[in-house]
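Let me begin by presenting the structure, written as structure tokens, before commenting on it.
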Amino acid sequence: MPPRASKRKSAPPNSSSVTSSDGRSVSSKAKIKGLEKIDRLFNTYANSSFGMIDPEGIEALCSDLGVDYTDVRILMLAWKLKAEKQGYFTQDEWQTGLKALGVDSLSKLKKALSDLEKEVEKPSNYEDFYTYAFRYCLTEEKQKSVDIESICELLNLVLGVQFRPQIDSLIEYLKVQNDYKVINSDQWINFLRFCKEISFPDLENYDAIQAWPLILDNYVEWMREKHS
Amino acid sequence: MENKAIGLDKGWDYMQKGITKLKRILEGLPEPPFTSEEYMMLYTTIYNMCTQKPPHDHSQQLYDKYREAFEEYISSTVLPSLREKHDEFMLRELAKRWANHKVMVRWLSRFFHYLDRYFIARRSLPTLNEVGLTCFRDLVYQEVHAKVKDAVITLDTGAYYSRKASSWIEEDSCPDYMLKSEECLKKERDRVSHYLHSSSETKLSEKVQNELLVAYANRLLEKEHSGCRPLLRDDKVEDLSRMYRLYCKIPRGLDPVANIFKPHITAEGTALVQQAEDATSNQASSATGVQEQVLIRRTIELHDKYMAYVTDCFQNHTLFHKALKEAFEVFCNKTVTGNSSAELLATFCDNILKKGGSEKLSDEVIEETLEKVVKLLAYISDKDLFAEFYRKKLARRLLFDRSANDDHKRSILTKLKQQCGGQFTSKMEGMVTDLTLARENQANYEDYLRSNSAAHPGIDLTVTVLTTGFWPSYKSFDLNLPAEMVKCVEVFRGFYETKTKHRKLTWIYSLGTCHINGKFEQKIIELIVLTYQAAVLLLFNASDRLSYSEIMAHLNLTHDDLLRLLHSLSCAKYKILSKEPNTKTISHGDYFEFNSKFTDKLRRIKVPLPPVDERKKVVEDVDKDRRYAIDAALVRIMKSRKVLGHQQLVSECVEQLSRMFKPDIKAIKKRMEDLITRDYLERDKENQNMFRYLA
């Protein structure tokens, strides 16, 4: 989730001028041209002193793309770019990602976003994306867990559409319980499994004897008490 | 008819077909009955074979083959069918086979009739009829007659006892019914030895047992006023022994008895627990502890009583040992008035062992009682909780109760070790050893003082050095010691450093005792107080009157501690300090003065300081230790197995720890999660329920 933008430090650079033609072959020329366009697009949003797109840049990108920076599609974009650090896109990441998307301009990127959604939803990609979403929140070095508040937002963003009732209920529980103040990756993965495998809202096929994380055992107990 | 002679084989082949057809009819298989032609052909074949000129006269062979036909049929078909049946069914089968046999004899003798007319008469041999019947007698009757007799008698006896039982069960009490049953069995056994085959005895006894004991087992045992439960309640040892004797011979016969035994004990035990609960809630709080101690005593008595049943009446049968164990495990783990049974048991031991405990008992009785307590410990799942409470109380006894009996101390430790393993008692043994060493140490210290007279602090000091790992953890505060005591501490430290340089001494003033002379107006009284109390009193050597806050500032104690201290000195039995205002409780604005008018008839008094309730801390400490123990067990198991399923891991963990406590599944899960976060374990990617050890 891209964090809120901080104050800009320097003015954004202007777009660079068109390169002159030389004796290179057409396809490589096209490649170079494509790469140049990608780079140009990069420079539109990058913070020149860091050499990468920072949170402010991402915000600007979002508004240009016509999506809210809290939109899940931006998270998907980060996933596609394999962005390491939340709120930042390096030039490498940008280049590789946009090439993989096959886009080199803003309008193409806009279109690609909806295709991206479908790509993420493919079962083979979904789990990867889901795990990525958690990792993306580990902003500190050696951080292994994410605080409850952020997890609730993330759950809503990532799973909310597909599993609305489960997520709403789970978020409610996470906010009232006080056994856990942070969630680790093992628990995170099991949230998805829970939504996929356990029938809702009866929770009939949930068996606490199995290896579900304790937090889900507690959640199920809480649910059963509420509904008894 | 042809003139050619019929060969024996060919002729017999033909006969055999007829015989086979006859057998099929007898067996009830679909077969059309003999036609007149068939009959005539068979008869004529025999006739011809018998009237042929020698050497083709086959009369003798045919006569033999006739008998063999019966023998063959009986051996191959009739006897097996009888052998596989028993009792009533066998009798029915026998009747059927006998009827069949007569038919077979009739038919075959008709086919072979010609033999009867000349051959048999000439040779004076038994007739075909006789031969047929003799075969049956020789083969069948010989074999089964004993069985038949038994079957008939058993059937008869069974019916007899069934009738008797149905009337007895209505009228008789359980003990009477059992007496009658025992007699009947004895009578039948005697009867058998007189005129029946000994192999019948088992069958017969079984039948009688069945009719008398098995058929009515439930009604008998459950009889309201005389059944198993009342017998247990009223110590009817003889009747219970008889019950065991009667039912132990029946396979699984003891199960219903055990199934009454166990819930009965559980109910009695639970009732005791409930009684204790009720009594404590009714009585005033000053009687706390008494009801719980009574409960332990009663539980011990209950155990003695039912263990006696198991060993005497029930001949130490494992089924009953198991029932007793499971019953006790149920109610021994219930909490009573918020105290766990582990704690109650530890308090009970403490009371017996400490000087001035609630009972004055002889050594023998103490030993015996301790032995029984250790037995009860086996049923408690939170053994580690007991250990911790016991250790805390042992520490108090060791440090304050110097003259309490050493032998008992050691003997209970030995018993505990046997019951729960060395790990359980190692710390406690360490504590006891520390004290022995401390005495030596003290002697050395006194020698040291003698040789360094300048170093003497001016006050007699006895120090007990405790090894940290063995003793419960004590908070040590930075009490501001009075100057006199500071010197003591320094001198001892000097001495200790001559002995060893590598150890750090931490002083626990909360455990120290002090003898102070109080110079009261009437007389000097020696006060035995705790070091903390002494520190407070010594302040009054310098000032006549001190406020609460001044005392607090001087000594650097917490409010909780100070309240207790001041209370013990000014509001309890002995008012060494007088308080202004003279209320029953201490408040922060109070003022204190040395009460010079205080006196007592004794020359030396002990001013007690009631100890803080340690329960919460003990429970916390035990919980912490349990977390480490679970971690260690999980890592140990995973290290050796490398990959393991969740359920198996949990059950192995529970098993490993069962000697000390029963781990909660949730606690195990939580520790597993912690180990995952700390990268000791990981979940298998493919199978959510499998875990992998990360080296």
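The values are calculated or read from the model by the stated rules, or taken from the named source; none is laboratory data. Computed from a predicted model, the values in this text were never measured in an experiment. Here the Cβ positions follow ideal geometry from the backbone for every residue, glycine too, while neighbour counts run over all protein chains shown. When the accessible area is computed, the model is the full protein with side chains, heavy atoms only, and any ligands, DNA or RNA have been set aside. Shrake-Rupley method; radii C 1.70, N 1.55, O 1.52, S 1.80 Å.
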Checking the stretch A:148-228 for GluC sites (Glu not before Pro) in a loop per DSSP with at most 13 other beta-carbon atoms within 10 Å yields A:Glu204
Working out 0.36 nm times the residue gap between B:Ile528 and B:Ala632, then minus their Cα-Cα distance, what length gain in nm do you get to one decimal?
32.9 nm
Calculate the length of the line joining the C-alpha centroid of the stretch B:442-468 to that of the stretch A:149-207, in whole Å.
66
Over the stretch B:512-612, with neighbouring protein chains present, the accessible area per residue in Å² at probe 1.4 Å is 55
Roughly speaking, what is the stretch gain from A:Ser107 to A:Ser199, that is 0.36 nm per residue apart minus the C-alpha to C-alpha distance, in nm to one decimal?
28.9 nm
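How many times 2.2 N^0.38 Å is the alpha carbon radius of gyration of the stretch B:8-150?
For the stretch B:8-150, the normalised Cα radius of gyration comes out at 1.12.
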Per residue, how much accessible surface does the stretch B:615-693 expose to a 1.4 Å probe? Answer in Å², no decimals.
56
Apply 1/(1 + (r/R0)^6) to the Cβ-Cβ distance of A:Arg164 and B:Lys475, taking R0 = 60 Å, and write down the FRET efficiency to the nearest 0.05.
0.70
Partner shielding of B:673-679, taken as the mean number of other chain Cβ atoms within 10 Å, equals 3
Modelled FRET efficiency - R0 41 Å, A:Asp128 with B:Ala695, Cβ distances, 0.05 increments:
0.95
For every other residue with a beta carbon closer than 14 angstrom to the beta carbon of A:Leu101, add +1 if it is Lys or Arg and -1 if Asp or Glu, then tell me the sum.
+4
If we count every other residue with Cβ under 13 angstrom of B:Arg636's Cβ, Lys/Arg +1 and Asp/Glu -1, where does the sum land?
+1
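Quick one: accessible area per residue over the stretch B:421-511, 1.4 Å probe, rounded to a whole number of Å²?
60
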The relative contact order of the stretch B:172-251, taking Cα pairs under 8 Å that sit 6 or more residues apart, comes to a percentage of 39
Using eta = 1.567 mPa s and T = 4 °C, Stokes-Einstein with Kirkwood Rh from Cα pairs puts D for chain B, in µm² s⁻¹, at 37
Counting other Cβ atoms within 10 Å, which chymotrypsin sites (Phe, Trp or Tyr not before Pro) in the stretch B:99-134 have at most 13 and lie in a DSSP loop?
none
For B:Asp235 paired with B:Lys575, estimate the spin-label separation in nm (one decimal), with each label point 7 Å from Cα along the Cα-to-Cβ line.
5.4
Lys/Arg +1, Asp/Glu -1 at C-beta; chain B dipole; positive extreme among B:Ala69, B:Gln293, B:Ala258:
B:Ala69
A drop of at least 30 square angstrom in accessible area, chain alone versus all protein chains together, probe 1.4 Å. Which residues of the stretch A:112-147 meet that?
A:Lys144
When the charge dipole of chain B is computed with +1 on Lys and Arg Cβ and -1 on Asp and Glu Cβ about the Cα centre, the Cα farthest towards its positive end, among B:Ile508, B:Tyr628, B:Gln533, belongs to B:Tyr628
Would you kindly work out the equivalent ellipsoid of the stretch B:421-511 from its C-alpha gyration tensor and give its semi-axes, the square roots of five times the eigenvalues, largest first in whole Å?
26, 17, 11
Using only the alpha-carbon atoms of the protein assembly as shown, report the extent along each of the three principal axes, biggest first, to the nearest angstrom.
149, 118, 56
All Cα pairs of the stretch A:127-227, percent lying beyond 19 Å
38
Measure of compaction for the stretch A:32-121 (Cα Rg per 2.2 N^0.38 Å)
0.97
Counting pairs of alpha carbon atoms under 8 Å apart in space and at least six apart in sequence, what relative contact order in percent does chain B give?
6
Measuring from its Cα centre, the stretch B:367-479 shows a charge dipole (+1 at each Lys and Arg Cβ, -1 at each Asp and Glu Cβ) which, in debye to the nearest 20, is 360
5 angstrom amide H check on B:Lys606, placed H, neighbours 5+ away
B:Ile528
At what distance in angstrom do the alpha carbon centres of the stretch B:221-240 and the stretch B:388-438 lie from each other?
43
With a 1.4 Å probe, how much accessible area is buried between chains A and B, both sides summed, in Å² to the nearest hundred?
1400
At 1.4 Å probe size, what's the solvent-accessible area of A:Ser114? Round to the nearest 10 Å².
50
Say R0 is 60 Å: what FRET efficiency, to the nearest 0.05, do B:Glu130 and B:His225 get from their beta-carbon distance?
0.35
Can you give the average number of partner chain beta-carbon atoms within 10 Å of each beta-carbon in peptide A:204-217, as a whole number?
4
Membrane-span-like helices (DSSP H runs, Cα span along own axis at least 30 Å, mean Kyte-Doolittle at least -1.0) in chain B -> B:87-111, B:142-171, B:254-282, B:422-451, B:615-641
Distant-in-sequence amide H partners of B:Val336 (H built 1.01 Å from N, under 5 Å)
B:Ser341
Report, to the nearest whole %, how much of the accessible area of the stretch B:52-113 belongs to carbon and sulfur atoms, 1.4 Å probe, protein only.
55
Karplus ³J(HN,Hα) for the stretch A:174-185 (6.51 cos²θ - 1.76 cosθ + 1.60, θ = phi - 60°; Hz, whole; x = Gly/Pro) runs 4, 6, 8, 6, 10, 6, 10, 9, 9, 10, 9, 5
Can you return the aspartates and glutamates within cross-link range of B:Lys305? Criterion is Cα-Cα under 18 Å, with same-chain partners fewer than 8 residues away left out.
B:Asp234, B:Asp235, B:Glu238, B:Asp239, B:Glu268, B:Glu326, B:Glu329, B:Glu368, B:Glu371
Would you mind computing, in nm to one decimal, how far apart the modelled labels at B:Glu620 and A:Lys33 are, each placed 7 Å from Cα along Cα→Cβ?
7.5
The stretch B:172-251 - Debye-derived log10 I(q)/I(0), Cα point model, q = 0.19, 0.27 Å⁻¹
-0.79, -1.30
Can you compute the charge dipole magnitude of chain A about its Cα centre, using +1 on each Lys and Arg Cβ and -1 on each Asp and Glu Cβ, nothing else charged? Give it in debye, rounded to the nearest 20.
1240
Pop out the carbon and sulfur fraction of the accessible area of the stretch B:615-693 as a percent, whole number, probe 1.4 Å.
50
Between the stretch B:101-166 and the stretch B:563-592, the alpha-carbon center distance in angstrom
111
Express the carbon and sulfur contribution to the solvent-accessible surface of the stretch B:512-612 as a percent, rounded to the nearest whole number, probe 1.4 angstrom.
53
Among the aspartates and glutamates, which have Cα under 15 Å from the Cα of B:Lys670 when same-chain residues fewer than 8 positions away are ignored?
A:Asp179, A:Asp186, A:Asp217, B:Asp623, B:Asp625, B:Asp631, B:Asp679, B:Glu682
Answer rounded, prolate or oblate for the stretch B:509-554, using the Cα gyration tensor with square roots of eigenvalues a ≥ b ≥ c: rounded when a/c is under 1.5, else prolate when a/b is larger than b/c, else oblate.
oblate
Within chain B, which is the longest segment that contains none of the GluC sites (Glu not before Pro) sitting in a DSSP loop with at most 12 other Cβ atoms within 10 Å?
B:522-685
Is there a pair in A:Lys142/A:Lys175; B:Lys504/B:Lys606; B:Lys262/B:Lys639; B:Lys393/B:Lys487; B:Lys149/B:Lys187 whose C-alpha atoms are over 29 Å apart, and which pairs would that be?
B:Lys504/B:Lys606; B:Lys262/B:Lys639; B:Lys393/B:Lys487
Normalised per residue, the volume of the convex hull around the Cα set of the stretch B:578-671 (Å³):
200
Rounded to the nearest 5, the percent of DSSP beta bridges in chain B running antiparallel is 90
Given the options B:Trp98, B:Ser81, B:His113, identify the residue whose Cα lies farthest towards the positive end of the charge dipole of the stretch B:72-114 (+1 on Cβ of Lys, Arg; -1 on Cβ of Asp, Glu).
B:His113
For the residue pair A:Lys99 and B:Arg110, what label-to-label distance in nm results when each label sits 7 Å from Cα along the Cα-to-beta-carbon direction?
10.8
Just the Cα atoms of chain A: what Rg and Dmax do they give in Å?
21.1, 79
